[in-house]
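The values are calculated or read from the model by the stated rules, or taken from the named source; none is laboratory data. Predicted model only: the values in this text are computed from it and were never measured. Here Cβ is always computed from backbone atoms with ideal geometry, including for glycine, and neighbour counts include all displayed protein chains. Heads up: the accessible areas ignore ligands, DNA and RNA and are worked out on the full protein's heavy atoms, side chains in. Shrake-Rupley method; radii C 1.70, N 1.55, O 1.52, S 1.80 Å.
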Amino acid sequence: MDVFTEVYEKSIELIKASSLQKDWKDVESGLKKLLQADGPSVDAAPVLDKLRKQLDEAANGKASRGRAQSQAILSASQTGSAGYQERAALIKQFRHFYLVAKKGNQSIWVVDCPKHYDKWTYDLFSGKSEAQLKSDLNHWREVFGDGNRKMMSDALQLARKWSSDVEAKLSDKSDATTATIRRWFHTDGAKAGDIETSRAKLLDGFKKITATCNSGKVIFSDRPHKRANGSMKNTFASVNSLDVMPVIYIYELFLRTGKRTRLGNIPKLWLCALTVVHELSHKLVKTEDIRYDYDGLKPGGGFKTEDALNNADSWAYFAGDLVGAIPNSAIKEALG
């Protein structure tokens with residue numbers, strides 16, 4: 001499996017015919033309600049806490065809580081019958097699935113896999129014996145943790161505000177907005193008509209980004225095989241065209257950028273929000289990674305207006321600049 005959509009769709013099919021141990025029937029019923037075709041149902045989200053509570057209760061008073069919880073998953077999966085590996089994978093996957101925020105009609109979810117895992121649970125558990133599964137199940141330390149899960153929600157809320165404000169500013173056609181469009185997408189001698197064409201394209205794109213930031217379901221996720229193989233060590237985040245739902249994959253650079261101070265502040269939250277806009281422009285406007293901020297984003301020479309209008313970092317920095325969220329030093333550095 002490559003993307004979370006595959007994991008999610010596999011879970012929907014599995015839960016339809018799943019046969020968990022009788023003490024888990026309430027959880028099984030709740031998961032069926034949670035896993036809807038268009039994404040997780042916020043009304044059924046309490047089943048996730050119920051699942052975690054049931055595992056905690058199974059380990060209550062035991063010398064090794066982790067092993068006791070692992071054994072509880074194996075028992076719930078009915079290891080004596082065929083398909084127990086997939087049932088164990090289902091329980092373990094949603095043990096690490098969280099509703100992080102609910103604002104109005106929007107729900108923000110996080111897939112926070114155990115750090116030890118280098119595959120999605122269905123792939124990792126496939127074909128393994130009960131003893132092997134017990135070892136794999138006894139890994140609980142998550143990649144993100146509660147603080148980072150909250151930070152992702154904060155970054156999305158900030159990105160939503162940016163995009164909404166950008167929409168308004170692009171619509172008012174002020175001189176300041178025109179100057180910012182020129183700064184990120186045109187050379188100094190660009191004609192007014194060319195800037196107007198760019199403004200229209202940007203407005204259409206940011207309407208889509210705002211709509212997704214306001215959409216009913218947004219998912220942030222680990223991508224265990226990409227994290228483990230090191231291919232994303234220089235990447236903040238990514239999206240994938242195979243995902244039907246709005247899924248943003250988060251990597252170590254994003255987590256380091258969103259690190260809180262002792263006072264609980266995130267000094268570079270603006271850079272996390274910029275990353276969200278960058279990734280959503282890929283997903284919704286089909287931008288590419290032609291240049292990054294460290295390459296210099298000012299159009300000219302080998303980087304033309306059409307390149308900038310198709311470049312994710314250009315969209316993201318433009319948004320942050322237009323709403324006054326990016327430090328001047330970072331703007332100068334990004335323009336090159």
Determine if segment 18-30 includes at least one residue that is within 22 Å of HIS139 (Cβ to Cβ), open to solvent by 70 Å² or more (accessible area, probe 1.4 Å) and free of Cβ contacts under 8 Å to residues at least 60 places away in the same chain.
no
So is ARG65 among the charged types (D, E, K, R), over 26 Å from ASP123 (Cβ atoms) and in contact with a helix residue (DSSP H, G or I) (Cβ under 7 Å, 6 or more places away or on another chain) or not?
yes
Right, PHE254: at pLDDT 95 or above, open to solvent by less than 20 Å² (accessible area, probe 1.4 Å), in a helix (DSSP H, G or I) and aromatic (Phe, Trp, Tyr) or not?
yes
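Going by what's in this entry, would PHE185 be described as among the hydrophobic types (A, V, I, L, M, F, W, C), in contact (Cβ under 8 Å) with a residue 60 or more places away in the chain, under 17 Å from CYS272 (Cα atoms) and surrounded by 20 or more Cβ atoms within 10 Å (Cβ to Cβ)?
no
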Here are LYS102, LYS115, LYS62, LYS119: which of them is open to solvent by 10 Å² or more (accessible area, probe 1.4 Å), over 25 Å from HIS225 (Cα atoms) and in contact (Cβ under 8 Å) with a residue 24 or more places away in the chain?
LYS102
Members of segment 195-230 that are closer than 19 Å to ASP243 by Cα and not in a helix (DSSP H, G or I):
ASN214, SER215, GLY216, LYS217, VAL218, ILE219, PHE220, SER221, ASP222, ARG223
Run down GLY302, GLY324, GLY264 and say which single residue is at pLDDT below 95, open to solvent by 20 Å² or more (accessible area, probe 1.4 Å) and over 27 Å from ARG227 (Cα atoms).
GLY302
